[in-house]
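Have a look at the structure below, then the notes.
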Amino acid sequence: MIGSLPPAAVMILGALLVPLLRGRARTGWVLLLPVASLAALLSLGEGEFGQASIFSYELTLVRVDGLSRIFGWLFHIAALIGLIFARRGGSALEDASALVYAGAAIGAVQAGDLITLFVFWELLALSSVFLVWARGTERSYRAGIRYLIIQVGSGVILLAGIIAHARATGSVAFDHLGAETLGGKLILLGIGIKAAFPLLHNWLTDAYPEATYSGAVFLSAFTTKVAVYTLARGYAGTDLLIWVGVAMTMFPIFYAVIENDLRRVLGYSMINQIGFMVCGVGIGTEMAVNGAVAHAFNDVLFKGLLFMSTGALLYRTGTTKCSELGGLYKSMPKTAGLCIVGAASISAFPLFSGFVSKSMVMAAALEQNLDVVWLFLLFASAGVLHHAGIKIPFYGFFGPDSGIRTKEAPTSMLIAMGMAAFLCVFNGTFPTLFLYPNLPYEVTYVPLTSAHVISQLQLLFFAVLAFVWLRLSDREPHELPSTNLDADWFYRRFGRGVALAAGGVASRLRDAVAARSVAVAGSAIGSARRYMGPRGVLGRTWPTGTNVIWVAILLLVFLLLYYASTPVTSVPPPP
Amino acid sequence: MASDKRDMGEQVKDRGRHYFDDPKRWKRLIAILIVVCAVVFALDIANPILYSMTGFELRHPERSWEGFPEFYAVYGFLAYTAIVYTAKLLRKGVMRDEDYYDR
């Protein structure tokens with residue numbers, strides 16, 4: 001039965017039942033769905049399924065090939081881990097929206113045409129915003145509204161691009177698009193918003209930290225990775241993306257260093273990691289695209305693990321601010337340990353997952369003689385170590401004791417974090433068992449060489465040494481409660497100010513026009529009253545005699561005019 | 001608006017001292033780090049000697065500047081330091097009060 005349903009439909013339709021279920025029944029149902037959906041995907045094999053046509057365009061609902069299959073695997077694993085994590089305290093609303101959200105992500109990466117892609121693209125936005133709103137605070141409500149506007153806007157730009165592309169080519173097939181045509185450019189812009197390109201990125205750092213503790217785990221897995229997939233599908237080898245990617249790896253590391261909220265640090269960290277993927281897609285060789293995809297896979301797991309450990313902190317302490325945390329390893333030692341696994345993975349220590357995927361992108365850059373790009377990426381790797389490798393575990397769980405004492409994270413959370421941690425180590429240690437064989441192209445890269453291990457250990461340990469030196473000599477930036485201005489200032493402050501000022505001008509203009517209109521109307525009424533009112537000249541009552549005189553005068557005038565207009569003709573004499 | 005959902009547990013009794021309460025433990029950790037750094041540092045010095053003796057290389061540089069001994073160690077240390085100082089500079093420009101956008 002499942003085999004005939006598109007895999008995306010399993011979770012989306014299954015979500016409809018969630019509000020009716022409670023307790024163990026709901027747990028069983030929501031955990032069954034990703035497994036059933038994965039079974040549906042694996043039963044398909046490679047190929048295209050679910051063809052339909054609409055307005056003479058050919059749709060392909062499901063396409064399974066090397067590129068979409070690995071993302072399919074990834075999203076199922078992420079959904080399962082996230083749903084296990086959300087077992088404690090998660091509402092039915094969160095479960096249902098997470099299921100629809102995961103289903104939409106799966107549908108988007110399997111879409112064989114741009115129209116299907118667009119539908120799932122918008123569904124991603126609509127389903128995920130509830131994970132922000134479910135937090136139930138004023139801040140999350142406002143952040144969710146901003147998130148929704150930007151996400152739906154990205155879909156509208158995507159749609160405009162699809163229309164331009166379809167008019168130019170007559171096809172809506174989703175294959176390589178390129179940024180040369182108008183349609184290609186618009187689609188790239190729409191994807192760029194979802195991929196958090198520089199200056200288009202603030203929806204991410206704005207909304208993700210305001211989501212529920214489990215909502216952020218789902219959010220970190222799907223939206224941006226769908227964007228990476230669409231870039232890899234449509235824009236591999238687009239040179240522009242190399243430098244967009246480099247910029248994405250670079251600027252967030254500085255923001256992450258001074259950010260106080262650990263989940264916002266992770267938001268900046270996400271942009272930094274997506275930068276490596278975008279750069280790989282831009283380089284566009286088989287090794288680079290493999291690296292981008294492998295890194296997307298690993299990033300979902302280690303970033304998910306970090307979002308889960310900070311989510312557990314939020315669940316137990318009510319905050320994720322560095323300035324309020326510290327010493328939590330005393331209450332939550334297991335969570336702290338799992339957090340360190342995630343931190344080691346993202347920092348790309350040997351035997352952890354980042355080591356086998358980030359290096360593929362960097363090796364591909366060197367292979368293409370992009371030495372400067374490579375140096376930037378190496379610099380950014382040191383930045384990753386700072387904000388994700390050290391800052392998250394150190395200020396979250398170690399650091400000066402905040403005095404907060406609580407309980408270890410609930411078992412369901414520990415199980416979910418344990419699964420993610422296991423996969424981080426598994427992929428890092430045995431990349432050839434699952435990760436590499438499932439990449440879109442054949443892998444010739446060997447990560448675990450003495451040269452790579454030694455150079456990476458030198459880079460990382462000396463960066464840690466720099467941290468120790470800066471920390472002990474009090475040169476590390478202090479953890480301060482603060483807001484850091486970023487590109488969102490332009491719409492949250494400047495744009496808002498302009499809108500309010502424009503509103504003020506418009507309102508004064510309207511008042512002035514209204515006052516003037518009232519004056520004009522008033523004077524018109526006044527003069528009408530003067531001439532036609534009870535005492536007006538035209539409103540007076542007249543005696544009948546006057547009327548008779550006027551009628552006589554009118555008749556006289558008429559007679560005179562008649563005579564004047566009648567031509568004088570001579571009457572011919574009678575014969 | 002409903003408040004944040006959380007379960008902070010009951011008041012948990014603290015069972016006294018913890019591993020890193022003792023400053024010696026931090027010092028030991030730092031000592032281990034310094035030893036590890038010294039080892040990976042030494043590998044780059046040992047590499048050419050090893051090569052001349054056995055013909056085996058621990059790492060063969062792909063680029064001349066990358067083959068410079070201790071390139072990665074120096075780059076890691078300097079990059080990290082540069083990031084911290086740049087970020088502190090950035091903070092002077094962009095830092096505002098926590099409720100900046102809420103006002």
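Report yes if some residue within region A:77-94 is under 16 Å from the mean Cα position of the chain (by Cα) and at negative phi; otherwise report no.
no
Regarding region B:77-99, can at least one residue be identified that is facing another protein chain (nearest Cβ under 10 Å), loosely packed, with under 11 Cβ neighbours inside 10 Å and among the small types (Gly, Ala, Ser)?
yes
So, in region B:17-59, of the ones that are charged (D, E, K, R), exposed (fewer than 15 other Cβ atoms within 10 Å of the Cβ) and part of a helix (DSSP H, G or I), which residue ends up nearest to the other protein chains (Cβ to nearest Cβ)?
Out of the qualifying residues, it is B:Asp21.
Is it fair to say A:Val18 is touching a residue at least 12 places away in the same chain (Cβ under 8 Å) and touching a Phe, Trp or Tyr at 6+ places or on another chain (Cβ under 9 Å)?
Here the answer is yes, as A:Val18 does meet what is asked.
Please find, within region A:475-485, the residue that is nearest to the chain's Cα centre (by Cα) out of those that are at the interface with chain B (Cβ under 7 Å from one of its Cβ atoms) and in contact (Cβ under 8 Å) with a residue 24 or more places away in the chain.
Of everything passing the filter in region A:475-485, A:Asn484 is nearest to the chain's Cα centre (by Cα).
Between A:Gly267, A:Gly326, which is closer than 22 Å to B:Arg91 by Cβ, of a type in the set (Gly, Ala, Ser) and in contact with a strand residue (DSSP E or B) (Cβ under 9 Å, 6 or more places away or on another chain)?
Just one listed residue meets the conditions, A:Gly267.
Output the number of the condition that A:Lys407 fails; it satisfies all remaining conditions of (1) among the basic types (Lys, Arg); (2) touching a Gly at 6+ places or on another chain (Cβ under 6 Å); (3) in a helix (DSSP H, G or I).
(3)
This table checks each residue for (1) over 22 Å from A:Val172 (Cβ atoms); (2) modelled with pLDDT of 95 or more.
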residue: A:Phe71; (1), (2): no, yes
residue: A:Ala78; (1), (2): yes, yes
residue: A:Arg88; (1), (2): yes, no
residue: A:Ser91; (1), (2): yes, no
residue: A:Leu99; (1), (2): yes, yes
residue: A:Ile106; (1), (2): no, yes
residue: A:Val109; (1), (2): no, yes
residue: A:Gly112; (1), (2): no, no
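Starting from residues that are touching an Asp or Glu at 6+ places or on another chain (Cβ under 7 Å) and within 8 Å of chain A (Cβ to nearest Cβ), keep the ones in region B:60-72 and report whichever is nearest to A:Phe461 (Cα to Cα).
Ranking the candidates gives B:Glu70 first.
Looking at (1) crowded, with 21+ Cβ neighbours inside 10 Å; (2) without any contact (Cβ under 8 Å) to a residue 24 or more places away in the chain, which is the only condition A:Leu375 fails?
All conditions pass for A:Leu375, except number (1).
Do you know which of the residues in region A:415-441 that are among the β-branched types (Val, Ile, Thr) and in a helix (DSSP H, G or I) is farthest from A:Ala294 (Cα to Cα)?
It comes out as A:Ile415.
Listed here are the residues, each with its yes/no results for (1) within 16 Å of A:Thr310 (Cβ to Cβ); (2) touching a Lys or Arg at 6+ places or on another chain (Cβ under 9 Å); (3) crowded, with 24+ Cβ neighbours inside 10 Å; (4) of a type outside the set (Ser, Thr, Tyr).
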| site | (1), (2), (3), (4) |
| --- | --- |
| A:Ser323 | yes, no, no, no |
| A:Tyr329 | yes, no, no, no |
| A:Thr335 | yes, yes, yes, no |
| A:Cys339 | yes, no, yes, yes |
| A:Phe349 | no, no, no, yes |
| A:Val356 | no, no, yes, yes |
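Are there any helices (runs of 4 or more DSSP H) wholly within region A:280-369 with 2 or more residues that are away from every other protein chain (no Cβ under 14 Å) and over 18 Å from A:Ser381 (Cβ atoms), and if so which?
A:286-317, A:333-346
Look at region A:229-249 and say how many of its residues are hydrophobic (A, V, I, L, M, F, W, C) and over 14 Å from A:Val361 (Cα atoms).
Residues flagged as hydrophobic (A, V, I, L, M, F, W, C) and over 14 Å from A:Val361 (Cα atoms) within region A:229-249 amount to 5.
Please determine whether any residue of region A:135-144 is part of a loop (DSSP other than H, G, I, E, B), touching a helix residue (DSSP H, G or I) at 6+ places or on another chain (Cβ under 7 Å), at pLDDT below 95 and within 28 Å of A:Gly311 (Cβ to Cβ).
yes
Go through region A:70-101 and give me each residue that's more than 30 Å from A:Glu442 (Cα to Cα) and of a type in the set (Phe, Trp, Tyr).
A:Phe85, A:Tyr101
Output yes when any residue across region A:347-358 is in contact with a Pro (Cβ under 7 Å, 6 or more places away or on another chain) and in the same structural domain as A:Gly291 (by TED's automatic domain parsing), and no when none is.
So far as region A:347-358 goes, yes, one or more of its residues are in contact with a Pro (Cβ under 7 Å, 6 or more places away or on another chain) and in the same structural domain as A:Gly291 (by TED's automatic domain parsing).
Scan region A:302-349 for residues that are at pLDDT 95 or above and charged (D, E, K, R) and report the count.
Qualifying residue count for the region: 2.
Those residues that are at pLDDT below 90 and within 7 Å of chain B (Cβ to nearest Cβ), I need them from region A:443-474; list them, please.
A:Ser450, A:Ala451
The values are calculated or read from the model by the stated rules, or taken from the named source; none is laboratory data. Only a predicted model underlies this, so the values are computations on that prediction, with no experimental measurement involved. Here the Cβ is made from the backbone with ideal geometry for all residues, glycine too, and neighbour counts use every protein chain on show.
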